[in-house]
1. Between region 334-380 and region 523-593, what's the alpha-carbon centroid distance in Å?
2. Show me the chymotrypsin sites (Phe, Trp or Tyr not before Pro) within region 359-447 that DSSP assigns to loop and that have at most 16 other Cβ atoms within 10 Å of their Cβ.
3. Of all GluC sites (Glu not before Pro) in region 364-423, which ones are in loop regions per DSSP and have a Cβ with at most 12 other Cβ atoms within 10 Å?
4. Using the structure shown, select from Lys822/Lys906; Lys178/Lys285; Lys548/Lys618; Lys394/Lys600 the pairs with a Cα to Cα distance greater than 18 angstrom.
5. Sort all Cα-Cα distances of region 321-441 into consecutive 10 angstrom bins from zero, then give the percent of pairs in each bin up to the one containing the longest distance.
6. Counting only heavy atoms of protein chains, what accessible area per residue, in Å², does region 444-625 have with a probe of 1.4 Å?
7. With θ set to phi - 60° and the Karplus curve 6.51 cos²θ - 1.76 cosθ + 1.60, what are the ³J(HN,Hα) couplings of region 851-860 in order, to the nearest whole Hz, using x for Gly and Pro?
8. Local charge sum around Leu104 (other residues, Cβ-Cβ under 11 Å, Lys/Arg +1, Asp/Glu -1)?
Amino acid sequence: MSRPALPEMCNSEAPPTRSEEIELLVGCGRASYGDAVLDGPEFPRSAMLHECCFSASVALLLSEAGEAYRCYRADLVDKPEWHKKVNAKMETPGLRLAQSQEWLDGTDNIIDTLVVKSALVGSLASARPPTMAGASKDGLDVLMAAFALSLAPAKPNGMRSFLLQTHGVDPDEGDVSKGVAALQGIVREGLGRWEEALSLSDYLCGDEPGLLDCRLVSKLWTVYNLTESGLAKLGSPFAEIAPLTFAYLERFSGRGSWEAVFGLGREVTPGGNLDVYILRTVCQKIYGLSPELLPVIQEALARSRRGEDEDVVRAMSRPALPEMCNSEAPPTRSEEIELLVGCGRASYGDAVLDGPEFPRSAMLPECSFSASVALLLSEAGEAYRCYRADLADKPEWHKKVNAKMETPGLRLAQSQEWLDGTDNIIDTLVVKSALVGSLASARPPTMAGASKDGLDVQMAAFALLMAPAKPNGMRSFLLQKHGVDPDEGDVSKGVAALQGIVREGLGRWEEALSLSDYLCGDEPGLLDCRLVSKLWTVYNLTESGLAKLGSPFAEIAPLTFAYLERFSGRGSWEAVFGLGREVTPGGNLDVYILRTVCQKIYGLSPELLPVIQEALAKAREKSSRNHQNGAELPCGSSVDDDGLAKGSNWEIAKGIPPILSALQSQRGKKEKVRGLIKRAGSISTSRPATTSSRLLRFTPSTLYFLILEKSWWFCCLLAMIMYGLPIVVVALISIPLRFDNDTEEAEIFYNGDPPPQVIMAFRFAAANVISMGYGTVFPTSNVGYLIATLSQLSGILINVFVFAAVLAKFQSPKADVVFSDKICLFTRDGVRHLCLRVGNLRCHTLYNPSLRLFVLKEQETSEGEDFVKIVELPVALPGTISGFYNITHRIDEESPLFSLSPEDMKNPDNVMAFQVIVTALDPVYQAEVCAKCSYNSASQLELSKRFADMMVLRDGRSTIDFAKFDELQDVMRSPSSSSLYSQRSYSSRKAQTTLCL
């Protein structure tokens, strides 16, 4: 399966001493480095993606050959420290064969070695290039000539001289135009050889790419970007000089190998887009060599950041990313346009609709009505803030936004009122937003039926879906709305009538789209944004088999299918729905839409379960099939050390689009571990004292308490205040004094003037307070000496306090202890057990641990007094704790919880909360560390669940996988609701055995 390369913020971690598979070091760049000169404040530091054309040659060769490899990334502007161990010159690419310690360098050397050592690469090398003169690696490679052309107008420097001399141009020639003309001729001649070679076949080596294609295509892409951006001026557009070569670039960039190496959204489009990752890195190098070329560089970057969607950095569009939870509640008043969108999940972990192989997944926008508004805002370029609500598990705050808990909801900037109803929202935006209003000026075709109501067939498709169901209110409403008798005994008549309605509506789409690419002309307009997401839902309903049309959608409405494919390739679609959810030529299905629809249908008509399950299976199968590409593996497919991403397609089997599965596989486990680390530093777990103390009085000892309690940032800020305040006070008092300056002559020599009196006063104050002695500025009067003495005395006090505070804070013992998010109730050997998990992120040994588990219950005395009773629950104590430990309480006849059923335990009237306290001796601190955590019984107690096993066998050694710290698994039998239990649990002994490692 080919998964696209994903952006990363940081360099890869250092590779191990010995490789287990082929390992490739690639050079990466960023769309922006947040540099004041080259980027400006509007372009902050971005993530990085593959940029180096030399390492791309090797990566494309491996991907085209289907050879699995592991990718290590290095930012070419900010290289990692380990880079020098891989390559002494810190160049890319670097490659290491499987079961090897030696890194190979040099692109040609690496490729030649792969041809010999890899059977897959060797078979790719068997494809021969054309036999015409010049059709060779050296004859077709014009990259260095293009770089020479970009540096020709610069002032003399070593790199410029080298490049010009390499291509037979005198670097000392006074007339720059002669050198430019000569280099233009060399580049044009090389492109002419490309044109001649590509006139014979689609690729240099025939109908499919071969070794020579992989060697040269990334270099050719760099040449294209240099010339089209204006860094290397050819005098004419690239596509005019070499039309076959431009088509070749467009064709190659549409292949799965290109996407796997460079990532989504970086293909060459017919309009001739530029790649900002390549150009930003190249501009950094040119600016370092020739700062005088800054105007040309800035113009090239500005051109690369303008494109089809006005800005390539924004057009890659900050795509919607999957979220696990609903958004937080919006504020009372909006600062910008705010939009509430309805979301769905590829799986909810439901036993009936998903089964055990598809656990609960992240959510993405799904509601076609809210998508209409989001697409309209995105196409218009109107900024907005998005709030997400899971349509199957809506947040509590949803009712405040919309009384009926429907989506979408929209609130204008500086407003408290939420608008509802898709049509009402869109009509309001047309009036209130100038950008949306301008988009609304594009008129739809004037043909009959080309209107919002005439083209909207979503409700008819839902009616067709419900027609075979048993009578219910929703079915009756939908069928009557479309003129079908819901009580008609012959279901086939209703189905035929509704099929006719849907086909007739699609016929109107076909007629409208026969006039232009979009309903409103050459670009999408208001009507397109209103209807395209609904049309997409209709496509998914019909193609999945939920609403049977009798023929494939693409056969009934080919122009409409092409329209969906075209629109879904736009930046607005990616920004609203997320990466990997476009309509592909093969006709993929969207699991997010279908899973949400199936949830609703199953709730209304359970008898349609076989149809529902078949539709979901088809969606998950089709999603997998349409995103596989032979044995091809993406760049970076082995990011995680556990090997889960090495070519496995378990994510696709769950119905997750490949870009999202890649996001989850690359980031999911790291994010889980990062979450544990954050929780370990939070208030409720690992601090020796709570960081939210309320001070009833302030004493000198309180300051010491705050230093130990608060973070290092607080301590640094306090130290700056303690130094800064006396320096400012002393400086202000000292301004009238006369000073002698030891460095006055030197400052006059270099600066022309002595420093002003205010600066002298601040130098005097800073030196006396911080260093407790004179600096270069000293007083010349008795008053000055008195102020200096007092300053030095205050400096002594401040320095002693700061040093003591830093030392005490370093010596203050703090645990890196984290607790599980949930507490579980399950049956083990016929007896109920209450279980939670504690982890030690440092993974060193804590001795003599004390584990105390309490239940908090509301108690009422016979006198009517209410209070919270804290009852301790006995737990088994280990001798030591290292990685993690499952704290388990056995609910037998001796347990205070014995009389309560699971449902009673989740009732706050019976059990308010559980609390756990851990103390242990830390041998490093030689002191006790402590941590605590509380669990709400109603929301955090999980029934019939147990914790997953964290032990993983790797290379014959048992290791701990902290990504599974909070992972829960269903037990094979759930405990009944009575207070006595005799069933025997068959849950995994290994995972539930109390571990002390």
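1. The distance from the Cα centre of region 334-380 to that of region 523-593 comes to 16 Å.
2. Trp397
3. For GluC sites (Glu not before Pro) across region 364-423 that sit outside H, G, I, E and B with at most 12 neighbouring Cβ atoms in 10 Å, the list reads Glu396, Glu417.
4. Violating the 18 Å Cα-Cα cut-off are Lys178/Lys285.
5. Distribution as computed: 14, 43, 29, 11, 3, 0 percent.
6. So region 444-625 comes to 38 Å² accessible per residue, rounded to a whole number.
7. 10, 10, 10, 10, 10, 9, 10, 6, 10, 10
8. -3
The values are calculated or read from the model by the stated rules, or taken from the named source; none is laboratory data. Nothing here was measured: the structure is a model prediction, and the numbers come from that model. Ideal geometry is used to build each Cβ from the backbone, glycine not excepted, and the neighbour counts take in all protein chains shown. Remember, those area values only see protein heavy atoms, side chains included, never the ligands or the DNA or RNA. Shrake-Rupley method; radii C 1.70, N 1.55, O 1.52, S 1.80 Å.
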